[in-house]
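Have a look at the structure below, then the notes.
The values are calculated or read from the model by the stated rules, or taken from the named source; none is laboratory data. Note that this is a predicted model, so its numbers are computed, not measured. FYI the Cβ positions are ideal-geometry reconstructions off the backbone, even for glycines, and counts take in every protein chain you see.
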């Protein structure tokens, strides 16, 4: 199939009532659809002589960022939680590692109502059964450890996503082989603000069933996203599960074909529905393609799209933006300059591509998490072997629209005026405008004016 050609998936299965729907799939993307170019606002690597990586990033209350992942370079054991706080330009403010003699990885983080952070991942150092357990770590705003908790049984228990409720209670999701019906089940845990267990639930069938992302559902309760080998049409399928506020199942949906289909992220959309992102080998142009699905609030699939080339392309995180836009974060082996490159696709509310950016070096570069900063820059978290100091280093990448200083969607004389008004300033000056620092070098000068002028009218 030619790049950019539109086709239809044979079946998309609704596991609640068995309805089969024909839905359009867009493979790749036409060159003409790239209406707004994304450029690198900043990129940074952090790490030591071994392997270091980020899985997730969030915006912080001070307009900076917090990144979480794993480190082999620092800490006490094989791999430790790796936490880096950065300012709005991606420069490190502090870094911490937490762990024991075994292996720990941080997968998700939320800033809590007290200004600190709750970080979820997995631990083998503190598991009571010498397997992996959910590990929940609470730190203050400067990274000082306040408390930590483990949850799990005699098998493997792996925590992947966390949210905080208005009540300051925490809700965690991942998968477990300690409890449930099969070789691995979705595992949902609710705790109080201090990490004390309130209740837990498992969901799944006789095979492996994983939840990798959680959000509060429209109307209350929770929406869980992941993949299932027990249900659906193929080897593994997208799996979305809606529960009430006590974890009781309201509905679940599977989406997929005869191959492997994995969902890694879910988000609420501006129209009151949901968007889910992952990868598919059932549909698309290559080995695996990005797969983006849009659902209404009852879980009915409205449309789905694939994006990719002939190689391996995997979508990991979905970032909602204004106007219904969706930022799709992941990595690609089909495009770019290296063995794998970071890839951000920004679509409109119907999945049509508005802009995209492939970034990387000659080796392996991956993006796993992302957020949209207050200045409309997409900030990505991942890892790189193309740059840095060690075997692989943790990576943060800022991608924005070049020259669109006021973020109104068009580059014109208004953007030039904003840069001109801030000429000669540096951070801390009264007239400093970080958005006017187009090349992100800490100085607003004629180079920034030239960069805006190059793209006037776009």
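Results for (1) assigned by TED's automatic domain parsing to the domain that holds residue 59; (2) within 26 Å of residue 179 (Cα to Cα); (3) surrounded by 19 or more Cβ atoms within 10 Å (Cβ to Cβ), shown as yes or no for each residue.
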site: 98; (1), (2), (3): yes, no, yes
site: 122; (1), (2), (3): yes, yes, yes
site: 128; (1), (2), (3): yes, yes, no
site: 132; (1), (2), (3): yes, yes, yes
site: 137; (1), (2), (3): yes, yes, yes
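Of all residues in segment 115-128, those being more than 21 Å from the chain's Cα centre (by Cα) and in contact (Cβ under 8 Å) with a residue 40 or more places away in the chain number 2. Listed here are the strands (runs of 3 or more DSSP E) enclosed by segment 180-292 that have at least 1 residues being under 17 Å from the mean Cα position of the chain (by Cα) and either closer than 20 Å to residue 371 by Cα or in contact (Cβ under 8 Å) with a residue 12 or more places away in the chain (or both): 209-216, 222-228, 237-243, 261-268, 274-280. None of 71, 79, 45, 60 is touching a strand residue (DSSP E or B) at 6+ places or on another chain (Cβ under 9 Å), within 25 Å of residue 402 (Cβ to Cβ) and not assigned by TED's automatic domain parsing to the domain that holds residue 439 except 45.
Here's the yes/no breakdown for (1) at pLDDT below 95; (2) in the same structural domain as residue 159 (by TED's automatic domain parsing); (3) part of a strand (DSSP E or B):
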position: 11; (1), (2), (3): yes, yes, yes
position: 15; (1), (2), (3): yes, yes, no
position: 29; (1), (2), (3): yes, yes, no
position: 32; (1), (2), (3): yes, yes, no
position: 35; (1), (2), (3): yes, yes, no
position: 41; (1), (2), (3): yes, yes, yes
position: 53; (1), (2), (3): no, yes, yes
position: 66; (1), (2), (3): no, yes, yes
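For every residue, the table says whether it meets (1) surrounded by fewer than 18 Cβ atoms within 10 Å (Cβ to Cβ); (2) at pLDDT below 95.
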{"residue": "167", "(1), (2)": "yes, no"}
{"residue": "174", "(1), (2)": "no, no"}
{"residue": "189", "(1), (2)": "no, no"}
{"residue": "209", "(1), (2)": "no, no"}
{"residue": "221", "(1), (2)": "yes, no"}
{"residue": "226", "(1), (2)": "no, no"}
{"residue": "232", "(1), (2)": "no, yes"}
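State whether the residues of segment 355-371 include one that is touching a strand residue (DSSP E or B) at 6+ places or on another chain (Cβ under 7 Å), surrounded by fewer than 19 Cβ atoms within 10 Å (Cβ to Cβ), over 26 Å from residue 438 (Cα atoms) and at pLDDT 95 or above. Among the residues of segment 355-371, at least one is touching a strand residue (DSSP E or B) at 6+ places or on another chain (Cβ under 7 Å), surrounded by fewer than 19 Cβ atoms within 10 Å (Cβ to Cβ), over 26 Å from residue 438 (Cα atoms) and at pLDDT 95 or above, which makes the answer yes.
Looking at segment 409-452, which of the residues that are in a helix (DSSP H, G or I) and touching a residue at least 60 places away in the same chain (Cβ under 8 Å) is nearest to residue 39 (Cα to Cα)?
Going through segment 409-452, the residues in a helix (DSSP H, G or I) turn out to be 413-421, 434-436, 446-452.
Among the residues that remain, those that are also touching a residue at least 60 places away in the same chain (Cβ under 8 Å) are: 434-435.
On the way: 434: 16, 435: 13 Å.
Looking at the filtered set, the residue picked out is 435.
Please verify whether residue 397 is under 30 Å from residue 53 (Cα atoms) and either without any contact (Cβ under 8 Å) to a residue 40 or more places away in the chain or buried (at least 18 other Cβ atoms within 10 Å of the Cβ) (or both), treating the condition exactly as stated. Here the answer is yes, as residue 397 does meet what is asked.
Is it fair to say residue 379 is over 20 Å from the mean Cα position of the chain (by Cα) and either at pLDDT 90 or above or under 23 Å from residue 457 (Cβ atoms) (or both)? Spelling it out, it is not the case that residue 379 is over 20 Å from the mean Cα position of the chain (by Cα) and either at pLDDT 90 or above or under 23 Å from residue 457 (Cβ atoms) (or both). Per the listing 424, 403, the residue uniquely at positive phi and crowded, with 23+ Cβ neighbours inside 10 Å is 403.
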